[in-house]
Structure formats: structure tokens, C-alpha cells
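Asker: This is the structure, below, for whatever I ask next.
The values are calculated or read from the model by the stated rules, or taken from the named source; none is laboratory data. Computed from a predicted structure; not experimentally measured. Using ideal geometry, Cβ is built from the backbone for each residue, glycine included, and neighbour counts are taken over all protein chains shown. Remember, those area values only see protein heavy atoms, side chains included, never the ligands or the DNA or RNA. Shrake-Rupley method; radii C 1.70, N 1.55, O 1.52, S 1.80 Å.
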Amino acid sequence: MALIVPRPGGEQHAAFQKVLTAALGIELARAGLAARIPEEALLAALAAAPLERLLKEATDADFLFLERYTSTEETIHLEVEVWRVKGGERIASASASRRIDLRLDEVVGPVVEELLPQIRPHLAEAVQERQRLAEAQVPPAEAPEAPAAQASQEQAEPEPLPAGQERPDRASPAGLAPERRLEIGAGGGTFFPMAELGPLFRFGYLAELYLEHRSHLGSAALAYGVYTGYAGLLPAEQDTASYFGSLIPVGLSLRLGTSERSRLGMHVRIQAGAALNASPQDKVVQRLTRVLPQAKAGAGLSLALAPRLGLSLDFLYELLLYMYMQNGTLVVEPIMGFNVPVLFFYIRL
């Protein structure tokens, strides 16, 4: 349990205070730490109160979060200090700055990411203390007489949580919700060649499936994994280029984006691998290989519909190298185009 007390510095902006305090509470809840914000009538008095009074106000909590901010006409600077209520010790601090705009609350995400590693050991200690206190308050007469194995089977089911909330992982020693590092996405899009390729094709469509592992680099999010799918190429003229109409791509994927704590994000994506030409080859002579080197690069936007679900819209440049033998000489023809757009639906596990 944590108590959040906002303490604005300089010129006070009530709108900023409400946004930043609420955002900090949401970020802590996502990390598995319940947070309480004093009633609005007490905020003004607590903002100027000494630390001793604030610690007394937080006697029912384990941690006291002091949220200070200062602002100019264009930017805001946020600093958060964390105090251990038992003992009155400052155990963590972090700060960040951001331009004042419609996404002002995103300044809180990097601060919480920096605070969590600092408070994890103290959080585990607080959880253990609460468990010991709860066990000590149980009268001996109420202790179960059944064997341990039977008692464990007859334990009551935990109370259901409100809709949209998830129970923290009990196996986590710090009581924090486990991070969802695995992402699976599926989607489709189009392929528009950059130049006229004669009777080969004039338009393509694709379906793609990817599996990525996600990690954090400061305020950024890095994902890497594999992708595969199917690409169909439509010929410019009917019954032409049937030997080059179906491709099965396989390769590696790398994506770097903004913090995932915001519903709307941006990212850049790079993919590299090979595409297998799965079209019939019985009418082709002097063919070198069915495998075409492939590379893609571009940028995109993502929208989180829920903590685990979301959409991603990508705009990618694609390069394929078509290789064959002609009169004993290796010929390499680049096939370039754009996947505009590619829409993915993803789920995080």
C-alpha cells in the first residue's frame, strides 16, 4: 500500500496536479502496488505539511510517494521521492521532464520505471511484514485443526477483482504483477512495386505472423523475434508469370518504440530473411534458386485497446532479390516496393 501526496513547486496548476497524481496512481497499480490519494480537501494542507505529519498520515500504508513538479510555459519537470513509512527512510527517487502537451501524463512512466528496481527489495519486506502481522492476529482457537494437506484444499477462493483488473502473481517475491514479455501478432497488407515489372506482376497482398520478445531500454521498448507468412503476387496480364505468384517469407524481426505505458505509441521496424518461391516451376529454365533474399524497414503506430491487446499500423519499404542464370551468367534483379499499409492485431502474454 502506498500514499501519494502531490507537492507542486512554483506556480500551482491544479489541472497538472490532478493529471500527474492520477497518472502516478495508475502506473503503480499496473505494477501491482495499491495506491491511495488523500481527499481533495486535504491536498492543499498536505502540500505544505512537514515530512513528520505526512508519515503519520501514511500510517496505514507501507510507502509514502511525494510527487513534486515545477513547470515553465513549455515544459514540466517531475520528481518523485519514495519514503518507507516504517522508519521514515527515503529509499528511492527519480525525475523526468517533458514538453507540456496533450500527452503530459507520459512523463510519469519513465519515473516509475526508474523507481521500481529501487523499491523492490523494500516491497518484498513490506509484504512479509504484513503476512507476519496477519498471522499474529489470528487467535489460536481459530487455527484449523485439519492436516495441512486437507486445509490447503479447503481454502476459500480469493475474492473476485473488479472488471479490467488482474491479480498480481503470488509467486513474485515482491508482489509485483509479472511483465508480459511475449507478443504474438497477426495481420495483413498490400505490396505496391516501385516500378513497372512487365508481365511479372503489378500488385501484391500479404499475410504475416510474428512472435517477439519484449524488453525495456530506459523509456523505450525493444522487441525482437521471428516472422513468417504468405505473399501473393498478381500478374499484370492474365496467365502470365505464373512461376512467380506465391512467396512464403521467413526471417528475423527487430522493433524499437516509445514507452508502452501509453495507449498510443510509435516504433520503427526492421525485418530480414528470405522468401521461398512456392509457385510451380515446371515451365522455368535456367532457374537458380527458389529462395529470394528479403529485407523490410519502416515505421508505424500502435494503439493499446487493453493491457494485453492492441493494434499496430505499419508502413514498410520492401526489397526482394530475384536471382537466375542467363547464358551462364548470374543475374540479380531487385524487386522493390512498399507495404502500405500493414495492419497487425497483437496479444501480449
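Asker: For segment 233-266, enumerate the residues that are assigned to a strand (DSSP E or B), open to solvent by 40 Å² or more (accessible area, probe 1.4 Å) and at pLDDT 85 or above.
Answerer: Within segment 233-266, Ile248, Val250, Leu252, Leu254, Leu256, Leu264, Met266 qualify.
Asker: I would also like to ask the following. Pairs needed: first member in segment 305-325, more than 22 Å from Arg269 (Cβ to Cβ); second member anywhere, at pLDDT 90 or above; C-beta distance under 7 Å; at least 6 residues apart or different chains.
Answerer: Close Cβ pairs (under 7 Å, with a partner that is at pLDDT 90 or above) amount to Tyr322/Leu292.
Asker: Can you tell me which residues in segment 28-56 are of a type in the set (D, E, K, R) and modelled with pLDDT under 85?
Answerer: Listed by number, the residues that qualify are Arg30, Glu39, Glu40.
Asker: So, Ala297, is that one surrounded by 19 or more Cβ atoms within 10 Å (Cβ to Cβ) and of a type outside the set (Val, Ile, Thr) or not?
Answerer: Working: surrounded by 19 or more Cβ atoms within 10 Å (Cβ to Cβ): no; of a type outside the set (Val, Ile, Thr): yes.
Taking the combined requirement at face value, the residue does not satisfy it.
Asker: For segment 56-89, what are the residues that are of a type in the set (D, E, K, R), more than 21 Å from Leu43 (Cα to Cα) and either open to solvent by less than 30 Å² (accessible area, probe 1.4 Å) or part of a strand (DSSP E or B) (or both)? Break it down stepwise before answering.
Answerer: Looking only at segment 56-89, we keep the residues that are of a type in the set (D, E, K, R), and these are 56-57, 60, 62, 67-68, 73-74, 79, 81, 84, 86, 89.
Pick out the ones that are also more than 21 Å from Leu43 (Cα to Cα) and you get 73-74, 86, 89.
Of everything in segment 56-89, just one residue is of a type in the set (D, E, K, R), more than 21 Å from Leu43 (Cα to Cα) and either open to solvent by less than 30 Å² (accessible area, probe 1.4 Å) or part of a strand (DSSP E or B) (or both), namely Glu89.
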